[in-house]
Amino acid sequence: MKRYKKLICIMLCAVMMIGAFTGCSGKDEKNGIVVSAGTTLFDDSLDPIKGGMYYGYPFVNEALLKAAPDSEYVGCLATDWEMVDATTYKFTLREGVKFSNGTDFTAEDVVFTYETVMNNQALNQNVDLSSLESVTANGDYEVIFKLNKPYSPFFDATAMLQIVPSDSYDATLFDTMPIGTGAYKVVQYDTNQQIILEANENYWGEAPDIERVTLVYMDESAAFAAAKSGNLDIVMVSVSYADEKIEGMKYVEFDTMDVRNISMPTGPVRTVTNPRNGEEITVGNDVTSDINVRKALAIGIDRETVIKNCFNGVGRPTVNYTENLVWTSKNGYEDNRKEEAKQILTDAGWTDTDGDGIREKNGVKCAFDVYATSGDDDRYRLVSAVAVEAKELGIEITAKTATWGEIEVLQYTQGVIWGWGQFSPTVIRSLYHSDTFLVGTYDNVGGYDNPQVDALIDAAITAESREEATQNWIKAQDIANADYPYLYTVNIRHGFFISDKVDVSMDTQIPHPHGHGAPIINNMADWSWKQ
């Protein structure tokens, strides 16, 4: 009875919230649509200078390039671009473009945007311009970027940094009301409530069919209840809702590059100095530091069974960071090789001498903890499902939860389930380069260290062509993956309930990055009303 009353309360609150936001159900063309795509949009500034929309979704502000459905880059505010040499990039800009306030877009705006970020890099942790020496305008519609050293991921940066107007930029106003060249403009921002977008009458491209989009701040349960009540047109949900039904809506899954992997400390227990604060901290794990344990888990678990048990079968098994980007490794291996995995452990001296089903070696149990963030039921279920598979090998994994603050300490001695997924190959450096250990908050938390991998990553970054860089990125992953510093499990799919009246243009949806970016909105300008 208490659970029933709670659900009724959630639904009533959801209906009242939506009514307060829009004054309508969101189901008619005059008032547009109402969308719940997670709460992350409201967590940070919308200002591109401060890292807003760094995934490059071009519906308010636009970047020089944007990602296409095949994961390659295509022109947005740029119509042509080239790497003149290893440190010089030239972009030809689109002419006839205006910002939503009616001012003209020119090279001056590009120069202003990039120089402002360069001079305030601490404000923008999402777009790294440390390699950029200068940006200059050659007339109104050509921009020349000069780097201080070869940096092959620079093209990725130009797809992540959206342009602001040089003559009307306001560092405070743009947190909530940015001015851009995209198909929509922000007309109202209510903190932790809603963002109302309307079609930009000055947009250079084809006018969007849906003239008004309201993005609402709601947790998943409240959003689902609101959708059931007919007050949402699009709602992002976890896979636990995949079997639910909503009248007038269809459940749709989207391909992603969003991967779940478990980090495992690769070194033994030891004390080191944290370079961020000079404090002595404990790192390492005497179980996961044995590559035989990591390999046995990687080849021994049955990922299909894991996905079936925790995600209702929704998702693609993966043994790599992801396989749907040009610069990611395509080398794989078969899993569910339990007998082979058991033999690896036995040969390495891990045996069950006391008959409790858990192997041990030199008095150390083959056991460790894996943490999911508090409140993330999907990740906790995933760890639990992996633990069941590991138990068959004689490895005991205990699923636990902790806050992000607690995980920042625990991650150096225990396993953590992560979500990764972005277009820039710099993520490979974050995952595998030894220089990132203890430097970035969540980078290479297992302390993986392989000089050959470091050298290949460094070569990829300084490569003089994207082709050369791609080859080195892939080689680095192939070698690193053979050391199994991460237990890759599933390339998840993002689930949404979508109104039967709305077409989100699946043909122009890109593979969704990690879900924090409210990924369905990447092609909002292409959404339309179904006839």
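The values are calculated or read from the model by the stated rules, or taken from the named source; none is laboratory data. Since we're looking at a predicted model, the values are computed, not measured. So basically every Cβ, Gly included, is an ideal-geometry build from the backbone, and we count neighbours across all protein chains shown. Calculation scope for accessible area: heavy atoms of the full protein, side chains included, ligands and nucleic acids excluded. Shrake-Rupley method; radii C 1.70, N 1.55, O 1.52, S 1.80 Å.
Report the residue count in the range 480-493 for those that are under 17 Å from Phe254 (Cβ atoms) and either buried (at least 22 other Cβ atoms within 10 Å of the Cβ) or among the acidic types (Asp, Glu) (or both). Break it down stepwise before answering.
To start, the set of residues in the range 480-493 that are under 17 Å from Phe254 (Cβ atoms) comprises 490-493.
Add one more test, that the residue is either buried (at least 22 other Cβ atoms within 10 Å of the Cβ) or among the acidic types (Asp, Glu) (or both), and what stays is 490-492.
Count: 3.
Flag: Asn336 does not match the condition of being over 19 Å from Pro485 (Cα atoms), among the polar types (S, T, N, Q) and open to solvent by 20 Å² or more (accessible area, probe 1.4 Å).
Per the conditions (1) open to solvent by 10 Å² or more (accessible area, probe 1.4 Å); (2) under 21 Å from Leu197 (Cβ atoms); (3) at pLDDT below 95, the sole criterion not satisfied by Pro519 is (1). Under the condition of being in contact with a Leu (Cβ under 9 Å, 6 or more places away or on another chain) and not in a helix (DSSP H, G or I), the residues counted in the range 91-122 number 6. Pairs are defined by a Cβ separation below 7 Å, a sequence spacing of at least 6 or placement on different chains, a first member in the range 369-381 that is among the small types (Gly, Ala, Ser) and modelled with pLDDT of 95 or more, and a second member that is part of a helix (DSSP H, G or I) and surrounded by 17 or more Cβ atoms within 10 Å (Cβ to Cβ); the pairs so defined are Ala372/Arg379; Ala372/Tyr380; Ala372/Val383.
Mind listing whichever residues of the range 522-531 are assigned to a loop (DSSP other than H, G, I, E, B) and open to solvent by less than 20 Å² (accessible area, probe 1.4 Å)? Break it down stepwise before answering.
We begin by selecting, within the range 522-531, every residue assigned to a loop (DSSP other than H, G, I, E, B); these are 527, 530-531.
Passing the criteria: only Trp527.
Remark: pairs (first residue in the range 491-507, within 20 Å of Asn312 (Cα to Cα); second residue modelled with pLDDT under 95 and open to solvent by 70 Å² or more (accessible area, probe 1.4 Å); Cβ separation under 6 Å; 6+ apart in sequence or on different chains) = Asn491/Arg316. Sub-9 Å Cβ pairs linking a first residue in the range 202-216 that is without any contact (Cβ under 8 Å) to a residue 40 or more places away in the chain and closer than 18 Å to Gly96 by Cα to a second residue that is in a strand (DSSP E or B) and among the small types (Gly, Ala, Ser), at least 6 apart or interchain, are Ala207/Ala199, ordered by first then second residue.
So that you can scan it fast, the table gives a plain yes or no per residue for (1) farther than 30 Å from Asp347 by Cβ; (2) surrounded by fewer than 16 Cβ atoms within 10 Å (Cβ to Cβ); (3) among the β-branched types (Val, Ile, Thr); (4) without any contact (Cβ under 8 Å) to a residue 60 or more places away in the chain:
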{"position": "Lys245", "(1), (2), (3), (4)": "yes, yes, no, yes"}
{"position": "Met249", "(1), (2), (3), (4)": "yes, no, no, no"}
{"position": "Asp255", "(1), (2), (3), (4)": "yes, no, no, no"}
{"position": "Glu279", "(1), (2), (3), (4)": "yes, yes, no, yes"}
{"position": "Thr282", "(1), (2), (3), (4)": "no, yes, yes, no"}
{"position": "Asn285", "(1), (2), (3), (4)": "no, no, no, no"}
{"position": "Arg294", "(1), (2), (3), (4)": "no, no, no, no"}
{"position": "Leu297", "(1), (2), (3), (4)": "no, no, no, no"}
{"position": "Val306", "(1), (2), (3), (4)": "no, no, yes, no"}
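When each of Asp128, Asp170, Asp104, Asp156 is tested for being within 30 Å of Leu197 (Cα to Cα), open to solvent by 50 Å² or more (accessible area, probe 1.4 Å) and modelled with pLDDT under 95, the lone residue that passes is Asp128. Quick one: is Trp418 aromatic (Phe, Trp, Tyr), touching a Ser or Thr at 6+ places or on another chain (Cβ under 8 Å) and under 30 Å from Phe155 (Cβ atoms)? Yes.
For the range 258-277, give me the residue count where each residue is surrounded by fewer than 18 Cβ atoms within 10 Å (Cβ to Cβ) and under 30 Å from Ile520 (Cβ atoms). Walk me through how you get there before you give the answer.
Of the range 258-277, the ones surrounded by fewer than 18 Cβ atoms within 10 Å (Cβ to Cβ) are 268-277.
Next cut, under 30 Å from Ile520 (Cβ atoms) only: none.
So the answer is 0.
Scanning the range 497-516 for residues that are open to solvent by less than 10 Å² (accessible area, probe 1.4 Å), outside any strand (DSSP E or B) and either out of contact with any Gly (no Cβ under 6 Å at 6 or more places or on another chain) or more than 25 Å from Arg379 (Cα to Cα) (or both) yields one hit, Val504. Of the helices (runs of 4 or more DSSP H) lying entirely inside the range 372-442, those containing at least 2 residues that are open to solvent by 10 Å² or more (accessible area, probe 1.4 Å) and touching a strand residue (DSSP E or B) at 6+ places or on another chain (Cβ under 7 Å) span 377-391, 404-410.
Looking at Tyr54, is it within 20 Å of His512 (Cβ to Cβ) and either at pLDDT 90 or above or not in a strand (DSSP E or B) (or both)? So Tyr54 fits the description; yes.
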